[in-house]
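Below is one structure; the comments refer to it alone.
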Amino acid sequence: MPTLWRTVLAALTDPAAANRDQVLALGAADLALNQDSAASSGDVQDIALAEFGIALDPRTATAALTARRAHRSG
């Protein structure tokens, strides 16, 4: 299992995990990009709410999407 998903699963099971929102945002961004390479931060927010039960602010969603895009291209 890739490191990102281990971290996401750990954050899901520990509400007090450090940087929990950012970690879950990265997971949501990864899922969004798997669905559509042109995913938006709104898509990340929607997935985070539907899959992880968290409401992300737009800044966190955008940062996660940018990070996952950079990871995929490099």
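Restricting attention to helices (runs of 4 or more DSSP H) lying wholly within region 1-52, give those where 3 or more residues are in contact with a Phe, Trp or Tyr (Cβ under 8 Å, 6 or more places away or on another chain). Helices (runs of 4 or more DSSP H) meeting the threshold: 20-35.
Only residues that are within 12 Å of GLY53 (Cα to Cα) and at pLDDT below 95 were counted across region 14-36, and they come to 1.
Across region 58-74, which residue is least open to solvent (accessible area, probe 1.4 Å) among those that are of a type outside the set (S, T, N, Q) and without any contact (Cβ under 8 Å) to a residue 12 or more places away in the chain?
Residues of region 58-74 that are of a type outside the set (S, T, N, Q), as a first pass: 58-59, 61, 63-65, 67-72, 74.
Subsequent filtering for residues that are without any contact (Cβ under 8 Å) to a residue 12 or more places away in the chain retains 59, 70-71, 74.
Working: ARG59: 198, ALA70: 61, HIS71: 119, GLY74: 97 Å².
Only one residue tops the list, namely ALA70.
If the condition is being under 19 Å from ALA11 (Cβ atoms) and of a type in the set (Asp, Glu), then region 23-64 contributes ASP30, ASP46, GLU51, ASP57.
Might you check whether a residue that is under 21 Å from ARG72 (Cα atoms) and under 12 Å from the mean Cα position of the chain (by Cα) occurs anywhere in region 14-22?
Quick first cut of region 14-22, residues under 21 Å from ARG72 (Cα atoms) only: 21-22.
Subsequent filtering for residues that are under 12 Å from the mean Cα position of the chain (by Cα) retains 21-22.
Looking through region 14-22, at least one residue is under 21 Å from ARG72 (Cα atoms) and under 12 Å from the mean Cα position of the chain (by Cα).
The values are calculated or read from the model by the stated rules, or taken from the named source; none is laboratory data. None of these values were measured; they are calculated from a predicted model. Positions of Cβ are generated from backbone atoms using ideal geometry, with glycine treated the same way; all protein chains shown enter the neighbour counts. Surface accessibility is based on the protein's heavy atoms, side chains included, excluding ligands, DNA and RNA. Shrake-Rupley method; radii C 1.70, N 1.55, O 1.52, S 1.80 Å.
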